[in-house]
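All remarks here apply to the structure that follows.
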Amino acid sequence: MIRRLCIVGTGLIGGSLARDLRRLGAVDEVVGSSRCATNLERAVELGIIDRFDTDPGRAAAGADMVVVAVPLGATEMVLERVRDTVEDDAIITDVGSAKGSVVAAARASLGARLTRFVPGHPVAGTEHHGVDSSIERLFERRRVILTPIEETEVTALERVSAMWRMVGAEVVEMDVAHHDEILAATSHLPHMLAYTLVSMLGGMKDRPEIFGYSAGGLRDFTRVASSDPQMWHDICFANRAAMMGVIDRFRSELDQLAEAVRRGDSEYVYAVFTRSKAIRDRYS
C-alpha cells in the first residue's frame, strides 16, 4: 500500500499509473505536480489526483512514493526539488526512456537519497500526451524495465517492482547502458524516422495531395510523429551516443538499398524485403 503517491508530470504515463493504483485501492492519496496548473485542475476533475502543487518540492512533501514523469531535460531539477521534502524512507522512481542521463541526474542531485532511487521505464504509451490521454490498464501485459544501479537498496527495488506488477506489468531488470542501446534501436530511431519523413513530406509543394491521398501505410508509419515534441527532443540528446550508432547503421543500409534500386539489382532488393518480412512475422 502506498500512503501518499506524488506524480511529478501528471500526463499520459503518470496519470495512467495513478488511475490504476486508485482503481486497485493501492494508494491512499495522490498528489500531482506539473508546470501547467490547468492540466492539474483537469486531473482533479477526472478524479486522478486528490490535490496538486505546481512546485514539485511542495507536492512531494510527506510522500512515501514519488514517480517522476517529466521530459528528461527537467529530471535533475525535479530530483533536486523533491530530495529534501519527501519522507525519510520515501522511494523515488522515474519513467524516462533514456536511463544514462537519468542516473547521471540522480547522482548529481539526490545525495544520500540515491540509495532510495530506482530508475525505471514502462515500455507503454501512445502518441498522445496530457492527463486527458491517460487510461486505465495501460500497463497490463506490457514490460516495465527497471535499471537499478549499485547504490539502489534492495527494498526500494522490491517496492517499485511490486507497484508495477500490481498494475499488470511484466517487470524486468536491465543494465543502464544496455537499456539505452536497445531502446535507441527499437523506439528512439523509429521516432526520428517518423518525424523526419513527416517534415520532408510537409515541405513538398504538393503537400495537400500527399497527405490527402495517403493510405494507411503512411498513417501507421508516422503515427508516433504526433508524440510530444519536447519529450522526444530531450530523448534525442539524452541518448545521443546510442542513437547516433543506430542512425549511422540505418543510413548505411538505406544507402545500400537505394544503390541497388538505382542499378536495377532486383535480386538484392527482393532479398532485403523477403528477409525483413520473415523477421517481422517471427516477432510480431
Suppose we keep only residues that are open to solvent by less than 90 Å² (accessible area, probe 1.4 Å), outside any loop (DSSP other than H, G, I, E, B) and of a type in the set (Val, Ile, Thr) within the stretch 128-165. Which one would you say is farthest from Gln230 (Cα to Cα)? Thr155
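Yes or no: Ser252 without any contact (Cβ under 8 Å) to a residue 24 or more places away in the chain, among the hydroxyl-bearing types (Ser, Thr, Tyr) and part of a helix (DSSP H, G or I)? Can you show your working first?
On the way: without any contact (Cβ under 8 Å) to a residue 24 or more places away in the chain: yes; among the hydroxyl-bearing types (Ser, Thr, Tyr): yes; part of a helix (DSSP H, G or I): yes.
Yes: the conditions hold for Ser252.
Got a sec? Which of Gly100, Gly168 is of a type in the set (Gly, Ala, Ser), in contact (Cβ under 8 Å) with a residue 40 or more places away in the chain, surrounded by fewer than 22 Cβ atoms within 10 Å (Cβ to Cβ) and under 19 Å from Thr75 (Cβ atoms)? Even if it seems obvious, please write down each step before you answer.
Values: Gly168 fails: under 19 Å from Thr75 (Cβ atoms).
Of Gly100, Gly168, the one residue that is of a type in the set (Gly, Ala, Ser), in contact (Cβ under 8 Å) with a residue 40 or more places away in the chain, surrounded by fewer than 22 Cβ atoms within 10 Å (Cβ to Cβ) and under 19 Å from Thr75 (Cβ atoms) is Gly100.
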Note on the stretch 57-78: residues within 22 Å of Pro229 (Cα to Cα) and assigned to a helix (DSSP H, G or I) are Leu72, Gly73, Ala74, Thr75, Glu76, Met77, Val78
Taking the stretch 239-281, which residues are farther than 21 Å from Leu197 by Cα, open to solvent by 80 Å² or more (accessible area, probe 1.4 Å) and of a type in the set (Phe, Trp, Tyr)? Tyr270
Breaking point among (1) on the phi > 0 side of the Ramachandran plot; (2) assigned to a helix (DSSP H, G or I), for Ala18: (1)
List every residue pair whose Cβ atoms sit under 8 Å apart, with the two residues 6 or more apart in sequence or on different chains, where the first one lies in the stretch 132-155 and is over 10 Å from Ser16 (Cα atoms) and the second, anywhere, is modelled with pLDDT under 95 and open to solvent by 60 Å² or more (accessible area, probe 1.4 Å). none
Does Ala194 qualify as being touching a Lys or Arg at 6+ places or on another chain (Cβ under 8 Å), open to solvent by less than 50 Å² (accessible area, probe 1.4 Å) and either closer than 24 Å to Ile235 by Cα or part of a helix (DSSP H, G or I) (or both)? yes
Quick one: Ser284 ticks every box in (1) under 20 Å from Ser187 (Cβ atoms); (2) modelled with pLDDT under 95; (3) surrounded by 10 or more Cβ atoms within 10 Å (Cβ to Cβ) except a single one, so which number is it? (3)
How many of the residues making up the stretch 70-89 are without any contact (Cβ under 8 Å) to a residue 60 or more places away in the chain and surrounded by 22 or more Cβ atoms within 10 Å (Cβ to Cβ)? 2
Pairs where the first residue, in the stretch 209-232, is of a type in the set (D, E, K, R) and the second is open to solvent by 40 Å² or more (accessible area, probe 1.4 Å), C-beta under 9 Å, 6+ apart: Arg223/Thr126; Asp228/His128; Asp228/His129
Just the residues that are out of contact with any Phe, Trp or Tyr (no Cβ under 6 Å at 6 or more places or on another chain), more than 30 Å from Ser97 (Cβ to Cβ) and part of a helix (DSSP H, G or I), please, taken from the stretch 259-272. Glu259, Val261, Arg262, Arg263, Ser266, Glu267, Tyr268, Val269, Tyr270, Ala271
Residue under evaluation Ala112, criteria (1) open to solvent by 10 Å² or more (accessible area, probe 1.4 Å); (2) touching a residue at least 24 places away in the same chain (Cβ under 8 Å); (3) under 27 Å from Ile149 (Cα atoms), criterion not met: (2)
Whether any residue in the stretch 199-221 is loosely packed, with under 14 Cβ neighbours inside 10 Å, under 19 Å from the mean Cα position of the chain (by Cα) and not basic (Lys, Arg) is what I want to check. no
Please verify whether the stretch 95-106 includes one or more residues that are among the charged types (D, E, K, R), at pLDDT 95 or above, in contact with a strand residue (DSSP E or B) (Cβ under 7 Å, 6 or more places away or on another chain) and outside any helix (DSSP H, G or I). no
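The values are calculated or read from the model by the stated rules, or taken from the named source; none is laboratory data. Computed from a predicted structure; not experimentally measured. Reconstructed Cβ throughout: ideal geometry from the backbone, glycine too, with neighbour counts over all protein chains shown. Keep in mind that these areas ignore ligands, DNA and RNA; they rest on the heavy atoms of the full protein, side chains included. Shrake-Rupley method; radii C 1.70, N 1.55, O 1.52, S 1.80 Å.
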